1. Let me make sure I get this right: for the range 240-304, a, b and c are the square roots of the gyration tensor eigenvalues over alpha carbons, sorted descending. Under 1.5 in a/c it's rounded, otherwise prolate if a/b > b/c, else oblate. Which is it?
2. Each residue of the range 267-280 in turn: what ³J(HN,Hα) in whole Hz from Karplus with 6.51, -1.76, 1.60 and θ = phi - 60°, glycine and Pro shown as x?
3. So for each of 323-336, 70-83 I average, over its residues, the number of other beta carbons within 10 Å; can you give me the resulting order with the highest mean first?
4. Please label the shape of the range 245-391 as rounded, prolate or oblate, based on the square roots a ≥ b ≥ c of the eigenvalues of the alpha-carbon gyration tensor (a/c under 1.5 means rounded; beyond that, a/b larger than b/c means prolate, else oblate).
5. Quick one: if you take sqrt(5λ) for each eigenvalue of the C-alpha gyration tensor of the range 44-191, what semi-axes come out, biggest first, whole angstrom?
6. Please report, largest first and rounded to whole Å, the three semi-axes of the ellipsoid equivalent to the chain, where each semi-axis is the square root of five times an eigenvalue of the C-alpha gyration tensor.
7. Let me make sure I get this right: for the range 120-223, a, b and c are the square roots of the gyration tensor eigenvalues over alpha carbons, sorted descending. Under 1.5 in a/c it's rounded, otherwise prolate if a/b > b/c, else oblate. Which is it?
8. I need the phi-derived Karplus couplings for the range 123-135: 6.51 cos²θ - 1.76 cosθ + 1.60, θ = phi - 60°, integer Hz, Gly and Pro marked x.
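Where a number appears in this text, it was derived from the coordinates with a stated rule and is not lab data. Only a predicted model underlies this, so the values are computations on that prediction, with no experimental measurement involved. Every residue, glycine as well, gets a Cβ built from its backbone with ideal geometry; the counts of neighbours run over all protein chains shown.
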Amino acid sequence: MSRRTLGAVGLLALALAAGATVVFALRSDGDRVGRRDGVQATLAVSAALAPADAAGFARALAPRPFSFPADHGPHPGFRTEWWYYTGNVETAARRHFGFQLTFFRTALAPLGTSDGASAWSTRQLYLAHFALTDTAGRRFRAWSRLDREALDLAGARAKPFRIWLGDWSAESEIAGGLPVRLRAAEDDVAIDLILAAEKAVVLQGDRGLSQKGPEPGNASYYYSLSRMSAQGTVRVGGEPLSVSGLAWMDREWSTSALGPELVGWDWLALQLDDGREIMVYRLRRRDGSTDAHSAGSLVSADGAARSLPAADVTLDALDHWTSPRSRVRYPSRWRLAVPRAGLALEIVPRLADQELIVGTRYWEGAVRVEGTADGLPIAGRGYVELVGYGE
């Protein structure tokens with residue numbers, strides 16, 4: 001889902017107006033620090049995604065044809081867009097790392113609006129998050145950057161595919177946009193990974209139209225690459241480590257908002273050892289119930305995908321964790337059941353503390369999976385995102 005951070009752009013746009021690159025960091029000792037500009041703030045995601053004037057922006061109203069590599073690139077007619085990469089990798093000695101590198105674009109004004117006379121002027125702002133989970137080291141590090149499209153400070157293009165914010169980037173030299181190379185570095189942490197798709201694109205929802213509420217246009221265009229091989233280097237403490245594993249990529253664009261009855265969501269993307277993948281998002285209502293527009297998908301080992309309506313999935317929290325920084329209480333272990341697929345899974349965080357406080361606050365982290373498939377043992381790995389808790 002990953003709509004959580006785009007609202008921070010509006011909060012921090014004033015800093016960019018002064019010509020600043022904004023960087024937030026979550027240090028290994030758990031203290032959030034805003035560096036380079038001294039900007040420190042957090043924004044409630046539910047407030048950031050409240051309904052706003054959509055006049056002049058394109059809307060996700062009906063299924064559309066998808067075309068690649070064009071749709072790997074930006075869709076500036078829509079208000080918001082994101083490129084979302086997560087993965088679980090290991091060294092040859094089985095030392096585990098989880099990584100997140102996500103890029104967000106938000107439009108300040110519709111297409112056709114003047115950029116202004118200054119070279120600094122822009123209609124588009126970009127935000128990125130970079131995080132690394134070092135399971136053996138029991139450390140979680142996270143950073144955020146925000147900058148304008150002007151002067152080549154940030155941007156995105158389809159041919160050849162590239163999205164960047166400073167020296168953080170996802171790019172490909174191949175005409176079709178895959179494989180893609182991820183690069184990000186901050187302090188003594190870095191990733192340099194090549195991701196190659198092992199399955200075809202999965203169109204989520206109704207042929208790529210993912211409805212998030214009853215209102216027309218309260219939807220996104222949404223596709224995934226649910227199983228990508230990942231190989232390259234992770235650097236921690238200045239030490240480069242060769243790693244390999246699996247990654248997941250999500251792409252969405254929309255001019256949408258959370259309805260007033262929704263407070264957040266839980267999103268899970270899991271890769272099972274039998275070759276299947278499952279994605280589930282639970283939209284949470286203010287009364288604690290699950291919204292009817294919650295959904296997901298199940299991808300078979302051969303790449304065939306089918307949608308999962310909310311009625312096909314049961315997701316229960318088995319434990320909780322309270323952040324020592326924000327004092328917010330998050331679910332911290334889950335039971336996921338998809339009876340029609342014969343799946344009964346338990347999902348456990350690699351580390352309890354994978355909370356990001358980087359302009360916005362949410363929990364996103366690497367998880368391991370255990371359970372049964374048609375009564376036989378199964379294992380896996382994945383990522384979970386928890387948005388709107390404590391708001």
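1. Prolate.
2. Once θ is set to phi - 60°, the couplings for the range 267-280 become 10, 10, 10, 10, 10, 8, 6, 8, x, 8, 10, 9, 10, 9 Hz.
3. Working: 323-336: 16.4, 70-83: 21.3.
The packing order, highest mean first, is 70-83, 323-336.
4. Taking the square roots of the gyration eigenvalues as a ≥ b ≥ c, the range 245-391 is prolate.
5. In descending order, the three semi-axes are 30, 18, 17 Å.
6. Semi-axes (√(5λ), whole Å): 29, 25, 22.
7. It is rounded, given that a/c, with a ≥ b ≥ c, falls under 1.5.
8. So the Karplus estimates, Gly and Pro as x, are 9, 10, 10, 10, 10, 9, 10, 10, 9, 9, 9, 9, 5 Hz.
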